[in-house]
Structure formats: structure tokens, C-alpha cells
Amino acid sequence: MLILLCSAVVYADGYQVLGTATKIISAYKTKWNGNLPAPTLELRLLDYNSSEIESGSDLTMSINTRNQAFEAFSWVLGGNLYNGISVKFTFGPMYWEADSSSTEIIPYSIKLEHESSRIGNTPIPTGPASSAARSPITNEFTPYSFYYADAVIGSGDTANVEANGQSETKTLVYNMSTNTVVKNNSGNTVDYDEDVCNYWNRTGKATVTLKITAAGQKVNTTTNYMAGTYYATVQVEVWIQ
Amino acid sequence: MFSKRIVMIVALILFLFSMGSAFCDPVASKSFNLKHVVNVAREYHFEFRNPDNNDVIDSVSLTSSGTHLIATLAINYNTNITFSRIAVSFTDLKKTDNDSLYYPYTMDILRPNTSDRLVNTTPTENGHGAGAATLYENKQFKKYSTDPWNSDELADFRINLDDAEALAGTYQGNLQIEFAVV
């Protein structure tokens, strides 16, 4: 009695069965092995020499980087979250001697660009694409084939941090589930609604333009910036959407 | 099957609770500082000023005995700077046409714009007013950002001329600053 009630509601992809208890149990067993991996995510920041940036450290931009676009740092995200994650960048003013009361502030801009999505060594396209254009990828925790395509919002955006003491934020949003197509062994598209997928890596770069002339003057003026060391705090946070 | 469904539902709820804090806090976070150095030539200079009007002076003429506030020592600088030592020395006031004659005096070194003694002077042996003093050691001047140059007053110099023992005439001496930068 109890079994018949359950068989009417659970499975949207054809496992709805009317019949004996034996058939329902065998159909359920072939759907999952039940061993989904734990969700995981890792963030790494790399400097222009591809060395990892330790949290709290200084990333020095030399005199040669003044007033030009300079690829200052990059990020590597690794994880298996299938749904949306947002990467929030907060850029603080570049204060003289890190003194937030100082009026000597070097303005700068930062352009954030997504570079690649990969699963293992396999590049994953970004944006809507037909499953025929992608090779399927399987895993050990589902019976399905995944035709992966990533979705990225915010790539190419530029933050302008002015000399007004205001921080600026930019957010990139990634979502593997938006454009990925999942199919079963029969080649039929299925609705995969789990939180994890194959382990992926996503990389991007930040291009910084310091608005100080090569001679150390304020752009479009003949006013020198005061001698000293200038600091701007950059914070990167990853949130689950 | 029903019990399995309950397990699935319970497992999902547990998952959500375990990640519950993640929905309120970032799941990963790093921060660092972009750093850029601006170097201009470090410049600084000392100057003596008239205590009455702050005009820069290189000499003081006194025409009477007694106590006179003769100069304020100041420094101008364009970047943070540290001196390991700022000292002063002063010579006897010797008669210009006969350097064996002197005008005796004593020198007081005061905190700027006060009558409080800054440092004691060390008289030169066999001198008649000459002496020296260390005004500051490991003195850091921290540049604030609103002006290209900062200026600090360091000391006032007050001389006490004893008229009773001096012949009429012109007497001359030097007040000299010595310093070393870290």
C-alpha cells in the first residue's frame, strides 16, 4: 500500500512505474549509486610571475607599470559546485602610506576577464552551445553524460577607483548548470539537479592601470605625487549563489 | 522505498544546514595590497628664523647686554626623514679686532615658543660662552600629506650677555647645526 503511493510521485524521467513492488525497487537501484562527492571549492590568487599571492601580502607594481594596462594578478578557482557562484572583487583606494586620512591617492582602474574553464585538461566552452559541439564527460557518481558549457557574467568589466576615497566592487558570476546538457544512457536529456559535478578549474586575469605618469605626476597635470609608498587593498570573496 | 525517501530528504536538509553558514559568509576569501612606490629626491634643510616674525636669518645683531631671544631653529622636509642626531655648537664671542678678547655670555636652549629648557648645554673647556648640545637623537619627522613641504620648529636660542666685563667694540661668534641622517 505504502509503496504504491511513493511510485506515483518521485521520478520525472520515466521511472514512474505502475506495478508490483519488485519492479519499483529494481528501477530505483539503477538510478543512483548514491555516492555524490562532497562539494568543494578553492581560490588561489597568482601574481604576474604566477607565484601565489599570500593573503595579506603586498603585490608591488613597479615604476615601469605606470599609466598603462598591466596584468597584475590572476585567479584560479577550483571546485565541483554545479550551480552559481559569484566572485566579488573589492578594490580600495590607493592611499599614500596606507593612510586612509591622506588626500594623496593614486587613482587606478582594474579590468577583470575570465580566461578559461576546464575539467581536467579538457577546455569547456563558455556560453550556450549545442551538445553536438562538445564531447561528453562522465563521472563515477552518476550514470549520466555531461555536455559541459560554462556561463560567465561580468567578464570584461572595469572598476575605476578614483581619488575620492571610495572603494569599488565588481562581481563575476559563474554557473556551470546554466548551459550544460545532461543525458542518460539512452541519449535523452535529463534534469540533473544535484549540487556537484565534475571537478572544474576556472581562471581569469586582472589588468591594472595606475593613473600616475612615468614621471610620478598626476595625469594631465604637472603636479607631483608626494614621495612615499602607496597601498590599495584588494579583497576577493567567493559566494555560493 | 519510503524510508529511503525520508533518508534522501533528511540528507538534503542536513546538507543545506551544513552549508547554511556558507550562504551567509563567503566560502573562500583572500586579500592583498597593491603597492606602488613614488620616489622623489629626498630634500630637507635647516634654517634659523627671527623669533619675532619667522623671517629666515643668517645673522643677529645685538646692541645691548641682557637676555635676548636670538633665533628659532626650524627644519623643512619633503618626505619622511629620520636623523640619528641633531646637535648644535656655538663659539665664544670674540672681538673682531682682537680675538684674545671676548664677550662672556651664556646660552639657553629652549623648547620652541616656551621658556622651558629643551636641553642642557655643555660648556667648552676654557670657553667664555662657547659650548655644545645635542638637541635630538633618532628624531623622525613624519611627513603629512596635505602639503609638498612640512616644517617643524626645533629649538629657540636665548643668549644672556654680561656687559660688565666687555670692552666696547664689535664681537662675533657662530651658532652651528650638526646632524646625521639615518
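Derivation of every value follows stated rules applied to the coordinates shown; laboratory data play no part. Every value quoted in this text rests on a predicted model; they were computed, and no experiment measured them. Every residue, glycine among them, receives a Cβ derived from its backbone with ideal geometry; neighbour counts consider all protein chains shown.
Tabulated values for the structure
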{"read-out": "Of all residues making up segment A:183-210, the number that are in contact with a strand residue (DSSP E or B) (Cβ under 6 Å, 6 or more places away or on another chain) and within 12 Å of another protein chain (Cβ to nearest Cβ)", "value": "5"}
{"read-out": "Meets criteria (more than 8 Å from chain B (Cβ to nearest Cβ) and either free of Cβ contacts under 8 Å to residues at least 24 places away in the same chain or among the small types (Gly, Ala, Ser) (or both)) for A:Ser57", "value": "no"}
{"read-out": "Strands (runs of 3 or more DSSP E) wholly inside segment A:144-241 that include at least 1 residues being more than 30 Å from A:Ser101 (Cβ to Cβ) and among the β-branched types (Val, Ile, Thr)", "value": "A:168-174, A:181-183, A:196-210, A:228-240"}
{"read-out": "All positions within segment A:218-235 that are at the interface with chain B (Cβ under 10 Å from one of its Cβ atoms) and of a type outside the set (A, V, I, L, M)", "value": "A:Thr223, A:Asn224, A:Tyr225, A:Gly228, A:Thr229, A:Tyr230, A:Tyr231, A:Thr233, A:Gln235"}
{"read-out": "Filtered residues of segment B:132-159 (kept if hydroxyl-bearing (Ser, Thr, Tyr) and in contact (Cβ under 8 Å) with a residue 12 or more places away in the chain)", "value": "B:Thr134, B:Tyr136, B:Ser151"}
{"read-out": "Matching option when the condition is under 30 Å from B:His36 (Cβ atoms), acidic (Asp, Glu) and surrounded by fewer than 18 Cβ atoms within 10 Å (Cβ to Cβ), among A:Glu140, A:Glu162", "value": "A:Glu162"}
